[in-house]
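**Q** Below you'll find the structure I mean.
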Amino acid sequence: MRYFNTAGPCNRAKHYMIEASTRLKGVEQLIDMEQYFVIHAARQSGKTTYLNDLAARLNASGKYYTLYCSLEAMQGITNPKEGIPSVIHCLKRAVKYARLPNSEQFAADADYNDYTNILRASLTDYCMSLDKPLVILFDESDCLSEGTLITFLRQLRNGYNIRSQVPFVHSIALVGMRNIRDYKAQIRPESQSLGSASPFNIVTESLTLKNFTKEEIRQLYQQHTDETGQIFEEDAVELVWQQTQGQPWLVNAIAREVIVKMLQSDYTQPVTAERVEEAVQTIILRRDTHIDSLLERLKEERVRRIIEPIVVGEFDFDTLSDDFQYVKDLGLISDTPERLGPSNPIYAEVIARTLTNNMQQQLLRDNKEYRLPRYLKDGRIDMDFLMRDFQQFWRENSAIWEERFDYKEAAPHLILMAFLQRVVNGGGQIIRDMGAGTGRLDLCLVYERQKYPIELKLWRGEKSLERGIEQTRRYMDIYGVTEGWLALFDRTLQTPWDKKIYMDKKTVDGRTVTIVGL
């Protein structure tokens with residue numbers, strides 16, 4: 001029986017899967033046109049599955065010999081004297097395993113001391129021995145860096161430029177997480193020059209592998225239903241789409257968590273929205289390798305420069321910069337006409353929890369009184385009491401905690417999130433909405449189906465207050481409630497605490513916004 005795969009490439013015989021070719025169009029046309037190109041997409045989004053499928057289809061067509069070659073083993077080999085021979089060894093193994101003709105001839109007489117020519121020469125000699133054009137799909141090509149990457153690309157460029165006179169590879173795909181422009185960042189700072197014609201200018205296209213659409217999620221889950229009879233309720237499919245935005249690993253991981261872990265493969269029980277929600281929370285807390293590897297990137301300075309403004313709601317970065325493209329290619333953020341922010345609510349949640357984790361643990365050790373029961377009154381959260389407690393905590397501890405955060409501009413937002421998370425861990429939930437350019441961070445506490453919307457905003461003068469009240473009112477409308485809270489942080493050093501700390505209520509048309517000065 002097939003299953004939902006969360007580790008490695010998918011196989012039709014073993015796994016439920018969406019036809020890889022439907023998620024990326026135009027590749028075979030580029031190959032027919034003898035182009036060299038880049039395919040980039042986030043980790044565990046189906047790149048290797050796509051490449052294996054593409055290689056099989058191209059070989060079956062009879063037009064080409066197609067070679068899949070992973071360069072993952074090249075990570076960290078920056079010296080081309082070591083790196084290029086290692087590339088040749090990767091290719092030799094790939095040719096052998098693919099059972100291409102004349103495999104024993106590939107690089108048989110290679111001079112590994114001539115590392116600046118050996119790759120081009122070996123590929124030329126091998127192409128001359130074949131009766132059909134050769135296509136190479138280099139997976140994990142962004143594992144190459146510095147001198148090895150430069151020398152690798154220069155030899156491909158040399159072979160590309162003279163292939164009308166001397167046989168060379170018909171078409172090459174460089175495949176990895178990063179776009180071609182970010183390969184340059186692995187070589188040298190922007191101020192430096194490569195000293196001659198760029199080895200990157202042979203790349204004609206840069207393509208990306210799309211996430212699943214909602215309909216593709218439905219089709220994927222229907223495969224399981226057809227084979228087992230187990231039903232995914234429509235509300236469950238809708239929630240998976242909302243939480244994942246079609247990220248392939250998350251879509252499969254949620255299904256696996258519900259079916260295998262929660263329901264113990266009892267196919268008579270339907271997959272419901274409630275079970276999907278429970279699976280999402282489990283995956284967030286468990287921090288599987290897929291999520292953990294992404295969150296390690298939050299420590300990188302170039303990632304901080306993009307994620308921090310998004311947390312705050314500001315838009316003070318260049319969307320054409322290499323940093324922005326890098327974070328986008330990692331899959332941490334998405335940029336659509338509607339919004340620019342974390343790629344999906346699950347990523348938003350784990351980003352927030354990761355950035356606030358140390359503080360949450362410290363609060364657990366030092367402030368055990370900050371627990372949910374303290375703030376409950378007649379089965380509801382006493383939000384005014386909760387926010388007054390935070391005002392006191394902020395006044396006493398903000399200077400210390402701001403210095404402990406690498407994300408200092410976002411420190412007020414992160415400290416409040418950590419404080420609230422510590423409170424609601426006793427049975428509540430926080431819904432977060434981050435987005436660059438909004439000028440605020442939206443939070444909604446949820447407890448016993450009651451919703452408490454909170455706007456977090458930095459003080460930028462009187463207009464901040466007016467705009468913040470209106471934004472809070474709109475946020476309240478989303479949840480259909482008549483009470484909301486605006487946390488307004490004044491970070492000007494000249495303003496005394498007695499003026500920063502206040503609580504004021506504004507009621508219009510039966511809706512009350514509580515302004516919490518901080």
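**Q** Once both labels are modelled 7 Å past Cα along the beta-carbon direction, what's the Thr272-Tyr112 spacing in nm?
**A** It works out to 6.2 nm between the two label points.
**Q** How long is the gain from Asp498 to Arg297 if the chain were fully straight, where each residue apart is worth 0.36 nm and the alpha carbon distance is subtracted? Write down the numbers at each step before the final one.
**A** Values: separation 201, 0.36 × 201 = 72.36 nm, distance 3.93 nm.
Gain on extension, Asp498 to Arg297, equals 68.4 nm.
**Q** Go through 45-56, 122-133 and give me the packing order, highest mean Cβ count within 10 Å leading.
**A** 45-56, 122-133
**Q** Sort 147-159, 210-222 for me by packing, meaning the mean count of neighbouring Cβ atoms within 10 Å per residue, highest on top. Please list the in-between numbers first.
**A** Details: 147-159: 21.8, 210-222: 18.4.
Final packing ranking: 147-159, 210-222.
**Q** While we're on this one: For Phe390, tell me the accessible area in Å² from a 1.4 Å probe, rounded to the nearest 10.
**A** 0
**Q** Then there's this: Pull out a ≥ b ≥ c, the square roots of the eigenvalues of the alpha-carbon gyration tensor of segment 1-143, then state rounded if a/c is under 1.5, prolate if not and a/b is larger than b/c, and oblate in the remaining case.
**A** Note, shape of segment 1-143 comes out prolate.
**Q** Suppose R0 equals 30 Å; then what is the FRET efficiency for Met262 and Lys408 from their Cβ-Cβ distance, rounded to the nearest 0.05?
**A** Here the calculated transfer efficiency is 0.15.
**Q** Which shape class, rounded, prolate or oblate, goes with segment 277-409 when its Cα gyration tensor gives a ≥ b ≥ c as root eigenvalues, a/c under 1.5 marks rounded, and past that a/b bigger than b/c marks prolate?
**A** Taking the square roots of the gyration eigenvalues as a ≥ b ≥ c, segment 277-409 is prolate.
**Q** Assuming R0 = 41 Å, what is the FRET efficiency of Asp378 and Glu338, from their Cβ-Cβ distance, to the nearest 0.05?
**A** On the way: r = 39 Å, r/R0 = 0.95.
In this case the efficiency is close to 0.55.
**Q** Report Glu205's accessible area, 1.4 Å probe, all protein chains in place, as a number in Å² to the nearest 10.
**A** 80
**Q** How large is log10 of I(q)/I(0) for segment 445-518 at q = 0.15, 0.17 Å⁻¹ when the intensity is taken from the Debye formula with one equal scatterer per alpha-carbon?
**A** The computed values of log10 I(q)/I(0) come out as -0.50, -0.62.
**Q** If I ignore ligands, DNA and RNA and count only protein heavy atoms, how much of Trp485 is accessible to a 1.4 Å probe, in Å² to the nearest 10?
**A** The accessible area comes out at roughly 10 Å².
**Q** Oh, and also: Grab the other residues whose beta carbon is less than 15 angstrom from that of Ile515, score K and R as +1, D and E as -1, and report the net.
**A** Around Ile515, the charge tally is +4.
**Q** Additional query: So what is the relative contact order for segment 17-114, in percent, with contacts set as C-alpha pairs under 8 Å and at least six apart? It would help to have the intermediate numbers written out before the result.
**A** Working: 48 pairs, mean separation 17.6, N = 98.
Taking the mean separation of contacting Cα pairs over the length of segment 17-114, I get 18 percent.
**Q** While we're here: If each of Glu448 and Lys505 carries a label point 7 Å out from its Cα toward its Cβ, how far apart are those two points in nm?
**A** 2.0
**Q** Another question, if that's okay. Helix 462-479: angle to the longest alpha-carbon principal axis of the chain, degrees 0 to 90, nearest 10?
**A** Rounded to the nearest ten degrees, it is 80.
**Q** Could you sort 284-297, 488-501 so that the peptide with the highest average Cβ count within 10 Å comes first and the rest follow in order?
**A** In descending order of packing, they fall as 284-297, 488-501.
**Q** Related question: Using helices alone, I'd like the mean residue ellipticity at 222 nm for the chain: each DSSP H run of four-plus residues gives -39500 (n - 2.57), total over residue count, nearest 500. Show your work: numbers first, answer last.
**A** On the way: 18 runs with 231 residues, N = 518.
-14000 deg cm²/dmol, from helical runs alone.
**Q** How high is the FRET efficiency between Arg12 and Lys96 when r is their beta carbon distance and R₀ equals 22 Å, given to the nearest 0.05?
**A** The value I calculate is 0.35.
**Q** Still on this structure: With an 8 Å Cα cut-off and a minimum separation of 6 or more residues, compute the relative contact order for the chain in percent. Provide the component values of the computation, followed by the final result.
**A** Working: 825 pairs, mean separation 61.2, N = 518.
Over the chain, the number comes to 12 percent.
**Q** Now for a separate question. Which Cα, out of Ala7, Ile39, Ser398, lies furthest along the positive dipole direction of the chain (beta carbon charges, K/R +1, D/E -1)?
**A** So the residue we want is Ser398.
**Q** Can you give me the angle between helix 345-366 and the longest principal axis of the chain, using Cα atoms only, in degrees from 0 to 90, rounded to the nearest 10?
**A** 50
**Q** Now a separate question. Against the longest alpha carbon principal axis of the chain, how many degrees, from 0 to 90 and to the nearest 10, is the axis of helix 301-312 turned?
**A** It is inclined by approximately 40 degrees.
**Q** Quick one: net charge of Ile162's neighbours, Cβ under 15 Å, K/R +1, D/E -1?
**A** Net charge in that neighbourhood comes out at +2.
**Q** Which values, in whole Å and largest first, are the semi-axes of the equivalent ellipsoid of the chain obtained as the square root of 5 times each eigenvalue of the Cα gyration tensor?
**A** Working: eigenvalues 506, 158, 65 Å².
After diagonalising the Cα gyration tensor, the semi-axes are 50, 28, 18 Å.
**Q** What is the gain in length, in nm to one decimal, between Glu215 and Asn425 on full extension, counting 0.36 nm per residue of separation less the C-alpha to C-alpha distance?
**A** Numbers: separation 210, 0.36 × 210 = 75.60 nm, distance 3.44 nm.
Gain in length upon complete extension: 72.2 nm.
The values are calculated or read from the model by the stated rules, or taken from the named source; none is laboratory data. These numbers were taken from a predicted model, which means no experiment stands behind them. Quick reminder, even Gly has a Cβ in these numbers, built from the backbone with ideal geometry, and neighbours come from all protein chains shown. Accessible surface is based on the protein model in full, side chains and every heavy atom, while ligands, DNA and RNA are left aside. Shrake-Rupley method; radii C 1.70, N 1.55, O 1.52, S 1.80 Å.
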